[in-house]
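A.B. asks: Take a look at this one; I'll ask things after.
The values are calculated or read from the model by the stated rules, or taken from the named source; none is laboratory data. Source: prediction; values computed, not measured. In this analysis, Cβ positions are derived from the backbone assuming ideal geometry, glycine residues included, and neighbour counts consider all displayed protein chains.
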Amino acid sequence: MINVRGRAPELLIALAVLVCFVAVGWLDYSNQRRQAATYDTFSSFDYQHGGYRAWFDMLRDEGIRVARYQRRPAYLSDSVATLVVANNVFDEELRQEFGQPSGVYTNADLLALEQWVRGGGRLVWLVDEATSLESSSVKGALRSAIDRVSEDPLRLPFVANLGREKDAALAIAPSPFTQGVGAVSGNSGLRVPFDNDFALSPLVADRAGIVVGWYPLGKGSVIVVTDETLFENGRLAKTDNARLAYDLATYALQPGQTVAFEEWSHGYQSGDTWWAILPQPFRVAFGIAGVALLLLLFGATWRFGPAVPLPENNERTSFEYLTSMAGLLERGGAARKAVRDLAHLALHAAARSVGLPDAATASAIAARLRGTDAGERRADDVMTLERLAGYENPSSAELVEAARLALSLRKEFSLDGFQRIEPRHFTQRRSA
C-alpha cells in the first residue's frame, strides 16, 4: 500500500505550485483585458466608453433594421443599404500583440467597397484617429495603413490634424444629413481643410475645417466623418450627436433596407472558407467534376449493360432474308408486276381448261365457265383477277388477294389436277 501520510508534504507543494500557476494566469488575463480597454474600439459590440453599442441600440429601438457585417467587402450585396466603417489602428495593433484576430483592408477590399458604392450603396466612413499620430513606436505600421486608405479607389479626402476648435462643431448647410442638428461635440482634432477637396460638400464644420462631409460616387454616396468620438457610447447623448448619428445612418433608407456596422476589421470575423473565395467558374467546374465522379462511381457499382461487347454474329436467318427482300421489292414497285404475272398464269390455265387459246380474254373465259354454281364462282374469280391485274399501284392486301385467286384457279384448272370444270354442254332437243 502507498503511504499517503509520508507523501503529504509533496502533495502540498504540488498543490501550492498549481495555485500559483492559476493565479499567474488569472492576473495575466486581467491585465490583458485592462490593456485592451485602454483603446477605444468603436465597435458595435463594445459596451464601454469607446464603443458604438449605443448607436446600434438606438437605431434598433427606432425600428431601423440593423445588422453587423463580419465579412470582407467583397461579399457585400444589395441587402445592405448603408455600411458604417470605423477602422481603428490602435485596437488592431493591440489585438495583434495579444494574438487576437484583426483585419486591415487591402487594395482589393477597397476596390470591392468602391464597386458596391458605385452600385448604389451608402458608405459612412469614420476616419481613423491614428491619423493624428505624430510619434510612436508603431508609427511606421500605422502610417502605412493610413497611406493605403488615402490612396484607395474611394477617393477619400485628405485629413489633417488641425487642432481642436473649442471641442465643438456646427451644422453649416441645410441637408437631410443634418436635419435637426445644431451643434455636435467631440474631442478629435482631425479635419478636412476647406481648400483641399472641392468635391466634398461640407455638412458639419468649425473654423478649423470640415468634420462631416459627403460626395457622390456612381449611384451611391460616401459620407466622411473625421471625428470617431462623436458617436461613441460616452458622447452620443451630448448636444446633437445622437441626431446626427441617426440622420447619417438612415439617409434615403427605404423600408426593409438594412444598416450594417462593419465588424470584420474589429476582429469579429465570420471567416472565409476556401469554397467561398473561389471564383464562380471554378466553383461550377468543381461541381461538374463532382457530379461526373458520382456518376462514375454509380456506374462502376451498378452496370446497365454487359461488361464486354458481345461477339458479332453475321449469320442471317431465312426470316431476315425474306424480310429484306420484301422491303427491296416493295421499294422497287414489284407488286404490280407480281399481280400481272399471277393473273397471266392463272388466265392461261383457265383458258386451256375451257378449250380457248391462251390469248383469250377474261370475259370469254368467264362466259364459258358460267352455267353451274362452281362455274359462276370461278367466273367471278377470273374477272376479279383481271381487274386486279389492271391496277397501277396495287396495295399489299390486293397483292395477297391476287396470289390467293391465282393459286386457287391454277389448282382448279391444271391439266393434272383433281378437279376440272368442263365447259357447259347444252342438251340437244329432240325433234318433233
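A.B. asks: Is it true that some residue in the range 125-140 is within 35 Å of the chain's Cα centre (by Cα) and either in the same structural domain as Ala242 (by TED's automatic domain parsing) or at pLDDT below 90 (or both)?
C.D. replies: yes
A.B. asks: Which residue, of Ala349, Ala307, Ala334, is modelled with pLDDT of 80 or more and more than 30 Å from Arg368 (Cβ to Cβ)?
C.D. replies: Ala334
A.B. asks: Contact list please: Cβ distance under 6 Å, first residue in the range 274-299 and outside the structural domain of Ala74 (by TED's automatic domain parsing) and within 27 Å of Ala108 (Cβ to Cβ), second residue modelled with pLDDT of 75 or more and part of a helix (DSSP H, G or I), pairs at least six apart or on different chains.
C.D. replies: Once the first residue is outside the structural domain of Ala74 (by TED's automatic domain parsing) and within 27 Å of Ala108 (Cβ to Cβ) and sits in the range 274-299, no partner that is modelled with pLDDT of 75 or more and part of a helix (DSSP H, G or I) comes close enough.
A.B. asks: OK, next. Here's a check for you: in the range 78-124, which residue that is of a type in the set (D, E, K, R) and more than 26 Å from the chain's Cα centre (by Cα) is modelled with the highest pLDDT?
C.D. replies: The residue in question is Arg122.
A.B. asks: Among the residues of the range 234-262, which ones are surrounded by fewer than 22 Cβ atoms within 10 Å (Cβ to Cβ) and in contact with a Lys or Arg (Cβ under 6 Å, 6 or more places away or on another chain)?
C.D. replies: Result: Thr258, single match.
A.B. asks: Moving on to the next point. Report every pair of residues separated by at least 6 positions or lying on different chains whose Cβ atoms are under 8 Å apart, first residue within the range 242-255 and over 17 Å from Gly213 (Cβ atoms) and in the same structural domain as Gln179 (by TED's automatic domain parsing), second in a loop (DSSP other than H, G, I, E, B) and among the aliphatic types (A, V, I, L, M).
C.D. replies: Once the first residue is over 17 Å from Gly213 (Cβ atoms) and in the same structural domain as Gln179 (by TED's automatic domain parsing) and sits in the range 242-255, its partners that are in a loop (DSSP other than H, G, I, E, B) and among the aliphatic types (A, V, I, L, M) give Ala242/Leu236; Arg243/Val181; Thr250/Ile64; Leu253/Ile64.
A.B. asks: Taking Asp380 and the conditions (1) loosely packed, with under 15 Cβ neighbours inside 10 Å; (2) under 13 Å from Glu401 (Cα atoms), which numbered condition does it fall short on, given that it satisfies the others?
C.D. replies: For Asp380, the failing item is (2).
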